[in-house]
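The values are calculated or read from the model by the stated rules, or taken from the named source; none is laboratory data. Predicted, not measured: the structure shown is a model, and the values here were computed from it. Here the Cβ is made from the backbone with ideal geometry for all residues, glycine too, and neighbour counts use every protein chain on show. The area values use the complete protein model at the heavy-atom level, side chains included, leaving out ligands, DNA and RNA. Shrake-Rupley method; radii C 1.70, N 1.55, O 1.52, S 1.80 Å.
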Amino acid sequence: QDRDGGVLLMGSLFGLYPFLLKLYADGGYQGANFQAGLRTTCRQINLEIVKRSELHKFVVLPKRWIVERTIAWLNRCRRLAKDWECLNRRALAFLRWASVRRMLRRLCQKTT
């Protein structure tokens, strides 16, 4: 599960970027082991679990929609729609190119 490797990943991520102070996660990360490991590894991190609506209807959840929208935008790039890359550095390069493409399109939009 993602939760098992999450503590190690968060320890290295928040070690590289110490200005990050809050972590938003979905319900899969609400286990006691993950929270205890995160407290041990990253003491300054505030963990907030964003839960789904129990009404079984579409509800825009705070912060979660930002990630889902961004992933949807990036998946419009044909190369990122499927994970064909064998090397992580190559996949990261295509992800960066897709991000640059997205930013350029937004910068070059004509406003009326």
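Could you give every pair whose Cβ atoms fall below 6 Å, whose first residue belongs to segment 73-94 and is among the basic types (Lys, Arg), and whose second residue is surrounded by 11 or more Cβ atoms within 10 Å (Cβ to Cβ), counting only separations of at least 6 or pairs across chains?
ARG79/PHE94
Could you grab me the full set of residues in segment 44-81 that are basic (Lys, Arg) and either outside any loop (DSSP other than H, G, I, E, B) or modelled with pLDDT of 80 or more (or both)?
ARG64, ARG69, ARG76, ARG78, ARG79
For segment 28-43, which residues satisfy the criterion of being within 20 Å of TYR17 (Cβ to Cβ), open to solvent by 60 Å² or more (accessible area, probe 1.4 Å) and not in a loop (DSSP other than H, G, I, E, B)?
Selection gives ARG39, THR40, THR41.
Scan segment 4-25 and give yes if some residue there is assigned to a helix (DSSP H, G or I) and among the basic types (Lys, Arg), otherwise no.
no
Select from segment 46-99 the residues that are of a type in the set (Val, Ile, Thr), within 16 Å of the chain's Cα centre (by Cα) and open to solvent by less than 80 Å² (accessible area, probe 1.4 Å) and write down the one among them that is nearest to GLY15 (Cα to Cα).
The selected residue is ILE49.
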